[in-house]
Structures are given as C-alpha cells and as structure tokens.
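The values are calculated or read from the model by the stated rules, or taken from the named source; none is laboratory data. Quick caveat, the model's predicted, so the values are computed rather than measured. Positions of Cβ are generated from backbone atoms using ideal geometry, with glycine treated the same way; all protein chains shown enter the neighbour counts.
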Amino acid sequence: MSELRTNRIVPRDGLPSGSSGGIIQIKSTHITAGFTTQSETYTDITGHSVTITPTRADSKILIDYRVSWMHTNGNTASASLRLLRGNTVIGNDATTDDRMGILLLSLGSTQNMSNSSINYLDSPATTSAITYKMQIHLDGSGGSGGHIFGINHYPPNDNYRGTSSITAYEISG
C-alpha cells in the first residue's frame, strides 16, 4: 500500500490570484561564447538575453543574471551593465545619468576573471512575449585608454574561459 503526504499542492498555473510566490515557469539562456567590447556607449551583449511569455498579466518576472568577465590593460577602469525589457531600461533610473547601470564592474589593475550577478523583480503586466537583455559600456577611458572588456573569456588569450547565464522566472503575483 502506498501513501502520499504533502503540505501543499500548487496548481500548474501557479498560485491563485491574490497569492504570491509560486513559480509558474522558468526560461534560461546559458552562454559560453566570448564577447569583447571597447564601447563607451551601451551595447547589447550578444546572446545575453532570454524570452518568456507570462501566462498571467499579474505575474512578476524575476531576472537572475550571472556573468563571467575580465578586462585587459593594467590600469583601473569601470564598466556598467544595464537590464532592458525589450528596448526599455529597467532596474535603474536611466534618465538621470546614462552611465548609471544596474551593475557596476570595477576593473582594477589586476587581470583576473571575475564573476558578478544581479537579481531584479519586474512587473511587466502583460501576457505577450518579453525579451530581457543585457547591455554594457566602459567608462570614458574605454577605447582611448586601451581597455578591452571580455565576457566569458580573457580577450588576449581565449584559453581562459567562463560562462554566463540569464534566467527568467515567472512568479505568481
């Protein structure tokens, strides 16, 4: 004879409206390809995007972004990453300073591969497909200072590799 015990069963479509916290679906992109930039303006990070179609308009979308990065040039510099829903910057106030990102990477004088991450809870209020993507820019000393920023690899030597991921969780609202 079998026996099944549980504290709670959550419906396939998440918790009922008015409840919160149930995961309805997960979409993820795992990125191993290298990306290099010297741009001093925000540039899409190739492949660092994920698309999800919410099942309910009151759902929230939790974005979890993890990135392996490195820069060349033995001088201190910085880079900013920002998160977009479609073409709209979210997670920071882009109207006050174009350099303000959701994640600031301090490029010290040592040349080690580093890992960074962000989490952001979005309320898109739609059941249409949404693409979340990441953009990056170097500070004012980027191209002219000789800095090269690499994601998932060390720009001068492609033997040093890392991985990144961007994951979207639909959470019942």
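General observations
- In the set SER39, SER80, only one residue is of a type outside the set (D, E, K, R), touching a strand residue (DSSP E or B) at 6+ places or on another chain (Cβ under 9 Å), in a strand (DSSP E or B) and more than 17 Å from ALA125 (Cβ to Cβ); that residue is SER80.
- Tabulated pairs, the range 77-90, first surrounded by fewer than 20 Cβ atoms within 10 Å (Cβ to Cβ), second at pLDDT 85 or above and outside any strand (DSSP E or B), C-beta under 7 angstrom, 6+ apart or interchain: ARG85/PRO124
- Residues that are surrounded by fewer than 18 Cβ atoms within 10 Å (Cβ to Cβ) and at pLDDT below 90, drawn from the range 41-71: THR41
- Being modelled with pLDDT of 70 or more, farther than 25 Å from GLU40 by Cβ, over 14 Å from the mean Cα position of the chain (by Cα) and surrounded by fewer than 15 Cβ atoms within 10 Å (Cβ to Cβ) is a condition met by no residue of the range 111-120.
- Some residue of the range 138-149 being among the aliphatic types (A, V, I, L, M), modelled with pLDDT of 95 or more and surrounded by 17 or more Cβ atoms within 10 Å (Cβ to Cβ): no
- Any chance HIS30 is within 25 Å of PRO155 (Cβ to Cβ), under 14 Å from the mean Cα position of the chain (by Cα), modelled with pLDDT of 95 or more and surrounded by fewer than 22 Cβ atoms within 10 Å (Cβ to Cβ): yes
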